[in-house]
Amino acid sequence: MCGIVGYIGQRNAFDIIIKGLKRLEYRGYDSAGIALINNEGKLNVYKTKGKVSELENHTIDKDISGNIGIAHTRWATHGEPCTVNAHPHFSFSESLALVHNGIIENYATLKENLQSKGYIFKSSTDTEVLIQFIGHIMESNDIDLLTATQLALQEVVGAYAIAVLEKNNPNTIIAARKSSPLVVGIGENEFFLASDATPIVEYTDKVVYLKDEEIVAINREKDIKIVNLYNVETTPEIKQITLNLGQIEKGGYPHFMLKEIFEQPGCIYDCMRGRINMEADNVVLSAVIDYKERLLNAKRFVIVACGTSWHAGLIGKQLIEMLCRIPVEVEYASEFRYRDPVINSDDVVIAISQSGETADTLAAIELAKSKGAFIYGICNAVGSSIPRATHTGSYIHVGPEIGVASTKAFTGQVTVLTMLALTLGKANNTIKEETYLSIVKELNNIPEKMKKVLELNNQIIELSRMFTYAHNFIYLGRGFSYPVALEGALKLKEISYIHAEGYPAAEMKHGPIALIDAEMPVVVIATKNALYDKVLSNIQEIKARNGRVIAIITEGDKILSNIADFCIELPDTIDCLEPLVATVPLQLLAYHIAVCKGMNVDQPRNLAKSVTVE
Ligand code: AGP
C-alpha cells in the first residue's frame with residue numbers, strides 16, 4: 001500500500017523525508033516522489049518510477065533545499081506505475097501539491113465535472129482529481145486551503161490519507177484521513193507526518209493518531225490544530241509510542257504473516273470495493289464488461305498457476321463450471337509450459353499470480369498466447385510482468401503481501417474468481433436470479449464472517465501447542481473444500497516443515513487410510529454443506545482406526561462435536577463461498593504451529609516470495 005511522509009521545522013526536510021520513505025519500503029511500492037518548498041518560496045516536485053533510491057539519484061543535481069516537504073511511495077491502484085502517475089500531484093495552477101494513500105471511489109464523477117469546467121489532467125490517477133478539486137474550490141471561492149480541503153472532502157467518497165503543500169504558505173502542511181492511517185509526530189519546534197510511526201519513532205515518541213474525517217493544520221510557529229470536515233475543532237490527543245521500529249512495521253503483530261491473516265476482512269472488502277454495488281445485488285468486473293463477447297464465446301477456460309494460486313484455480317474451476325457451464329481445466333504452469341498443450345484461439349487462459357512475476361506462469365502465458373488464446377490475468381502486484389503480458393484481467397487489491405506464505409492473496413484471488421464467475425454467469429444466463437442474488441448478498445457478508453473466525457485465534461493457539469511435534473498431517477475436504485485442504489497442507493509444510501498432504505476426503509479409502517494411526521493428526525473440513533454426510537462417514541472411518549481428527553465444522557454442529565477430537569466452529573455460509581471462511585483457521589493453525597516450533601515464519605528456509613526462476 002502507499003506510504004506518506006512529511007516534515008516541517010528548522011532542519012533540512014529532504015534528508016529526513018527520504019529516510020522516512022525508506023522506513024516505509026516494507027509496505028511495498030512501485031514509484032516515489034517528493035514536494036519541497038525552498039527558502040525562496042519555490043514549490044519543487046520530483047518523482048520517479050521504482051525505488052526510493054531512484055528518487056535520490058534523480059534529485060542529485062536538483063534544488064532539494066527547504067525545511068518543509070511531503071513525500072509518497074505509491075502502490076498503484078488507479079493507473080500504471082510510472083512517473084506521471086507517481087505522487088505528489090499538482091493542482092491545475094501548480095500552487096498546491098498533494099500526496100494520497102487510499103482510493104477515491106467517486107473520482108470519475110468529480111473528474112467529469114472538472115473537465116466540463118476546462119480542467120485538464122496529466123495522469124490517470126484518482127489522486128490528481130482530488131488535488132484539482134481542492135484547487136478549484138480554493139481558487140473559485142477565494143478561501144484558504146484548510147477550508148477548501150474541508151469542502152472538497154465533504155464531497156469525496158472513498159478512503160484517503162492526504163498531505164497538501166501550498167506554495168504561498170510555506171509555514172503550514174494540511175493533512176487529513178479517512179480509513180487510511182496518518183500519524184503526526186510532535187518534536188521540538190518541528191513536526192513529522194507519516195502513514196505509520198516508523199519514520200517518526202527515531203525523532204520523537206510523542207504522536208497524534210488522526211481519526212477518520214479529521215483534518216490537521218501543522219504550522220511551524222504554532223501547535224497543531226485539528227478540525228473535522230465541518231470545522232469543529234478537537235483537542236489533539238498526544239500519545240507515547242512504545243513499539244520499536246520492527247513492531248511498528250508489522251502493525252504490532254509479531255510477523256507479517258499474522259498481520260496479513262488478520263488483514264483479510266479489510267482486504268476482501270477492498271477487493272470487492274467498487275465491484276459489488278451498495279445494494280449488494282450486482283457484481284461488475286470491468287475487464288469482463290470490456291471483453292464480454294470474447295469470454296462468453298470461450299469453448300473452454302484453462303487456468304494456469306503455481307502453488308497457492310493453483311489452489312485458488314481449483315476453486316475457480318468449480319465456480320465457473322457451476323455458474324457459467326463452461327468447461328475449465330486447471331494446470332500447473334510448470335507442466336503446461338513443457339507439454340505442448342492443445343490450445344486453440346477459442347480458449348481463454350486465466351493466469352493467477354500474487355506477485356505477477358512467477359517465471360513458470362509467465363512462460364505458460366506466452367505459450368498460450370502463441371497458440372492464439374485470450375489471456376485473463378488475476379494478480380495482486382499492479383504493473384508487474386504478468387498483468388503486462390495478459391490481454392486483460394482483474395487486480396485483487398489486497399495490498400502488498402510480505403510474508404512468503406500466501407494468505408490474504410489466496411482469499412483475494414478466490415474473491416475475484418467468484419466475482420468473475422458471477423459476472424460471466426449472469427451475462428451467459430446460466431445462473432438463476434435467486435442463486436445470483438444469494439451469492440452476491442452472502443459475498444458481502446464474508447468480511448464480517450472472517451472477523452468472527454479470527455476471534456478463534458486463542459483457541460487455535462491452544463490447539464497448535466498439542467501438534468507442534470507431529471511429523472505428518474493429512475488434510476481432507478470435498479467439493480469446494482478439497483482445494484482448501486490442499487492449501488491448508490501447503491501452509492503447514494512451507495512454514496513449519498511438517499510433512500502434510502491434502503486429499504479429497506473420499507480418496508482416503510484408496511490407499512492413504514493405511515497411514516492413519518494415533519500419531520497422525522487429520523484435519524477435516526466438515527462444514528454443513530451438500531457433502532456433509534459423506535464427510536461425516538469419512539471421519540467415522542478415521543476414528544475407527546484411532547485417527548485423531550481436527551474437524552472444521554459449522555457452529556452448533558452437535559454430531560461432529562461428539563465425534564471429532566477437536567473442533568473449530570465456523571459461521572455458516574453457502575457452499576461456494578466456504579473457502580473464504582474455512583481457509584482462515586487453517587492459516588492460523590499453520591502459523592501457530594510454526595511459531596511454537598520457533599520457525600522463521602515470514603521467511604521460511606529454501607523459499608522466496610516470488611519464484612522468478614524455473
Ligand atoms: C504459497 O504460500 C507460496 N508462497 C507459493 O506456493 C506461491 O503461491 C507460488 O510460488 C505462486 O506465486 P505467485 O502467486 O506469486 O505466482
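Miscellaneous remarks
- Accessible area expressed per residue, the range 294-380, with surrounding protein chains retained (probe 1.4 Å, Å²): 33 Å²
- Only protein heavy atoms count here; on that basis, with a 1.4 Å probe, Cys379 has an accessible area of about 0 Å².
- Among the listed pairs Lys317/Lys528; Lys317/Lys369; Lys528/Lys609; Lys49/Lys493; Lys49/Lys449, those whose Cα-Cα separation exceeds 30 Å are Lys528/Lys609; Lys49/Lys493; Lys49/Lys449.
- Dipole magnitude for the range 146-212: computed about the Cα centre from +1 point charges on Lys and Arg Cβ and -1 point charges on Asp and Glu Cβ, it is near 220 debye.
- The lysines whose alpha-carbon is closer than 23 Å to the alpha-carbon of Lys225, local same-chain residues fewer than 8 away aside, are Lys167, Lys178, Lys206, Lys211, Lys239.
- Seen from Pro341, the other residues with C-beta closer than 14 Å to its C-beta sum to a net charge of -2, counting Lys and Arg as +1 and Asp and Glu as -1.
- Alpha-carbon centroids, the range 6-48 and the range 183-201: separation in whole Å: 13 Å
- Take every DSSP beta bridge whose two residues both sit in the range 493-572; close to 0 percent of them are antiparallel.
- The range 32-108: trypsin sites (Lys or Arg not before Pro) falling in loop per DSSP and having at most 15 other Cβ within 10 Å: Lys42, Lys62
- What the Cα atoms of the chain give is an Rg and a Dmax of 25.8, 83 Å.
- The residues of the range 1-142 expose, per residue, 37 Å² of accessible area to a 1.4 Å probe.
- The range 472-614 - Rg over Rh from alpha carbon coordinates, Kirkwood radius: 0.98
- Span from the the range 277-324 Cα centroid across to the the range 346-399 one, whole angstrom: 13 Å
- Taken about its Cα centre, the range 352-431 carries a charge dipole of roughly 240 debye when the Cβ of each Lys and Arg holds +1 and the Cβ of each Asp and Glu holds -1.
- When a 1.4 Å probe is rolled over the protein heavy atoms, the share of accessible surface on the chain that falls to carbon and sulfur comes to 50 percent.
- Percent of beta bridges antiparallel (DSSP, the range 118-207, rounded to nearest 5): 90 percent
- Cα gyration tensor shape of the range 334-492, rounded if a/c is under 1.5, else prolate or oblate by comparing a/b with b/c: oblate
- Positive end of the dipole of the chain (Cβ unit charges, origin at the Cα centre): among Ser385, Asn106, Ser370, the Cα lying farthest that way belongs to Ser370.
- Between Lys369 and Arg388, the simple spin-label model (points 7 angstrom out along Cα→Cβ) gives 1.1 nm.
- In summary, the convex hull built on the alpha carbon positions of the range 545-614 has an orientation-averaged projected area of 7.9 nm².
- Per-peptide packing, taken as the mean over residues of other Cβ atoms within 10 Å, places 302-308, 327-333 in the sequence 302-308, 327-333 from highest down.
- Annotation note: trypsin sites (Lys or Arg not before Pro) in the range 354-435 located in DSSP loop regions with a Cβ neighbour count of at most 11 within 10 Å are Lys432.
- Among beta bridges identified by DSSP and lying wholly in the chain, the antiparallel ones come to about 60 percent.
- Taking packing as the residue-averaged number of other Cβ atoms within 10 angstrom, the listed peptides 462-473, 123-134, 355-366, 581-592 run from highest to lowest as 581-592, 123-134, 355-366, 462-473.
- Solvent exposure of Asp517, expressed as accessible area, is near 70 Å², computed with a probe of 1.4 Å over the protein chains only.
- Point-charge dipole on Cβ atoms (K/R +1, D/E -1) for the range 314-463, about Cα centre, debye to 20: 280 debye
- For the range 523-611, the solvent-accessible area works out to 38 Å² per residue, with a probe of 1.4 Å and every protein chain left in place.
- Normalised alpha carbon radius of gyration of the range 53-135 [divisor 2.2 N^0.38 Å]: 1.16
The values are calculated or read from the model by the stated rules, or taken from the named source; none is laboratory data. Bear in mind the structure is a predicted one, so any value in this text is a computation, not a measurement. Ideal geometry is used to build each Cβ from the backbone, glycine not excepted, and the neighbour counts take in all protein chains shown. The area values use the complete protein model at the heavy-atom level, side chains included, leaving out ligands, DNA and RNA. Shrake-Rupley method; radii C 1.70, N 1.55, O 1.52, S 1.80 Å.
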